[in-house]
Amino acid sequence: MAPLPIEGIDFPIVQYADDTLLLLQADARQLVCLKSLLNTFATSTGLHVNYSKSSMIPINMSTERTQRLASTFGCSVGTLPFTYLGLPMGTTKPRIEDMSSLMVKIERRLNGCSSLLSLSGRLQLVNSVISPITTYAMCSIKLHKGVIDNIDSARKQCLWRGKVVDKKGGHLAAWPMVQKPKKKGGLGVINLRLQNDALLLKQLHKFYSRQDVPWVNLIWDTYYQQKIPRASREVGSFWWKDVLRLSTLYRGIARCSLGNGSTVLFWEDLWGPVILAQAFPNLYQAATNVSASVMEVMAAPDLVYVINLPLSQQAYDELIDLQDLLSDITYEPEENDRWSFIWDNDKYSSKKLYTLAFSTMHAPITFSWMWKSQCTLRIKVFAWLLLVDRLNTRVMLRRRNFNIQTGIECVLYDTGIDEDVDHLLFACPFATRC
């Protein structure tokens, strides 16, 4: 495959650790020259290339030509998608079966020791071992919904099945409750969908900040030289489309400090004191291009060049106010736009975004006291089940439609009172004596 030249620069080699990708045109002469270079390297250093471990991955090539070139180089022929650094690489979005290695890796961890642990131990296993396995993949690609559901199913089984490997059901608490942060009344198990978006948003921040990274320059120069990304139709690879769809979320937590204005919409983005489309609605309706960037408008000789004339009296009054507002705006055409976040920092943090998703939830301060205490984790987990009323008392078992014998309510003391959490731990005479 031939690399795309961008302003005289191409990307023929991708190398990390002991995995190397060489991107070449389907040309036998180039392969012969490459093999000659590798042989020269082997002769001078003593480090020989094992061609039997190398693969040629064809893109838009016939089978006959692929076989001929592979025999010239002395390697096998592979197919898309192939695995690079543990992730599937291909021209289309990975399917569920392409991510099977990740799901199998998680299930192997569960089969080893989860059935031998207590509930608190299994919670620690899920939070510290199982969930982090997915982090690397979620930093790179948008996981398929089916993959996340499969991983969640494995995490649920790990947390609730106890010492019975084939146990079905028996979940003491709903999964959305378990995935809440601890101080919000949950067990702190990571919500993979939220975490996936939070981790991928870092890539979008690099893009909008125009960081000096090869893929950022490649996408800007290829697709958006004269366009604002979120105001144009989706283009590019499946990976970039997944990342760009997070633009609404990104602009909900970020604000632009104006530089040259190439990354923000003049009318619909917040780059000044107000959003202009909302502050000047009549003038906005008269705009020649509502998707114009700040750079395009600032480059115009006068605002009337970006407005359809004639104007109503209301729109004219808004035009005067807009001119006054723009006179107070600092515009730096030689600088890139800078983005800062609602947590008063220009550094993106996936942890802060994840925490922000639960900011509107409220829970009693008792949960924070409990998790900050010096008790062992086993006692804290039991206390959590007590606080959220998820202990398997007789009342709870009836709510779960278990066939519970009637006539005997409290098995510890015959008071004729139903066995709920309050009675079992506080009101029962037997519990009081203990």
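Readers should treat all values here as calculations from the given coordinates under stated rules, not as data from a laboratory. Since the structure is predicted, the reported quantities are computational estimates derived from the model, not experimental observations. Every residue, glycine as well, gets a Cβ built from its backbone with ideal geometry; the counts of neighbours run over all protein chains shown.
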Per-pair calculated FRET efficiency, R0 = 56 Å: residue 313 and residue 175 via Cβ, rounded to 0.05: 0.45
Distance from segment 47-99 to segment 22-42 (C-alpha centre basis), Å: 16
Shape of segment 13-79, Cα gyration tensor, a/c cut at 1.5: prolate
Semi-axes of the equivalent ellipsoid for segment 259-336, Cα gyration tensor, largest first, Å: 20, 12, 12
Reported label for calculated Kirkwood radius over Cα pairs in Å given (i) 27.4; (ii) 23.5; (iii) 26.9: (i)
Radius 15 Å from Cβ of residue 133, net charge of other residues (Lys, Arg +1; Asp, Glu -1): +2
Fluctuation leader among 268, 335, 107 - the chain, Gaussian network, Cα springs under 10 angstrom: 335
Selected from 127, 401, 150 as most flexible by GNM, with the chain as the system and alpha-carbon contacts under 10 Å: 401
Residues of segment 87-120 with amide N under 20 Å of a point placed 7 Å along Cα→Cβ from residue 140: 87-109
Theoretical gain in end-to-end length, residue 329 to residue 72 [0.36 nm per residue, Cα-Cα removed]: 86.3 nm
Amide H contacts under 5 Å for residue 339, placed H, 5+ residues apart: 257
Calculated [θ] (222 nm, deg cm²/dmol) that DSSP helices of n ≥ 4 give over the chain, each run adding -39,500 (n - 2.57): -12000 deg cm²/dmol
Rough spin-label spacing in nm, given labels placed 7 Å along Cα→Cβ, for residue 33 and residue 15: 1.8
Backbone HN-Hα couplings from phi across segment 47-54 [Karplus 6.51/-1.76/1.60, Hz, Gly and Pro as x]: 9, 8, 7, 8, 5, 5, 8, 9
Angle in degrees between helix 145-160 and the longest Cα principal axis of the chain, rounded to the nearest 10: 30
Theoretical FRET efficiency, 1/(1+(r/R0)^6), r = Cβ-Cβ of residue 118 and residue 347, R0 41 Å, to 0.05: 0.55
Gain in span if fully extended, residue 221 to residue 55, counting 0.36 nm per residue against the direct Cα distance: 56.6 nm
Extreme residue, positive dipole direction of segment 202-266, given options 203, 248, 231 (C-beta unit charges): 248
Reach of residue 227 by Cα under 23 Å, taken over lysines that are not fewer than 8 positions away in the same chain: 202, 206, 241
Of 333, 94, 181, the one that fluctuates the most in a GNM where the chain has Cα springs shorter than 10 Å: 333
Size of electric dipole in segment 266-340: Cβ of Lys, Arg +1 and of Asp, Glu -1, about Cα centre, debye, nearest 20: 240
Segment 84-242 - Rg over Rh from alpha carbon coordinates, Kirkwood radius: 1.06
Cross-link partners of residue 156 among aspartates and glutamates (Cα-Cα below 17 Å; sequence separation of 8 or more within a chain): 107, 166
Fewest-first sequence of 139, 410, 113 by Cβ atoms within 10 Å of each Cβ: 113, 139, 410
In Hz, Karplus ³J(HN,Hα) per residue of segment 423-428 (6.51, -1.76, 1.60; θ = phi - 60°; x = Gly, Pro): 5, 4, 9, 10, 8, 5
Value of relative contact order over segment 259-336, rounded to a whole percent, pairs C-alpha under 8 Å and six or more apart: 41
Cβ charges +1 (Lys, Arg) and -1 (Asp, Glu), total dipole of the chain, debye: 2720
Residues 402, 207, sorted so that the one with the fewest Cβ neighbours within 10 Å comes first: 402, 207
Label-point separation, residue 299 to residue 212 (7 Å along Cα→Cβ), nm: 2.4
Nitroxide proxy distance, nm - points 7 Å out along Cα→Cβ at residue 156 and residue 392: 1.8
Fewest-first ranking of 33, 434, using other Cβ atoms within 10 Å as the exposure measure: 434, 33
Tilt relative to the chain, helix 28-45 - C-alpha long axis, 0 to 90 degrees, to 10: 70
Amide H within-cut-off set for residue 77, under 5 Å, with H built and near neighbours excluded: 56
In sequence order, calculated HN-Hα J values of segment 221-231 (Karplus, 6.51, -1.76, 1.60; Hz; x Gly/Pro): 6, 7, 10, 10, 5, 10, 9, 9, x, 6, 9
Theoretical FRET efficiency, 1/(1+(r/R0)^6), r = Cβ-Cβ of residue 97 and residue 64, R0 25 Å, to 0.05: 0.30
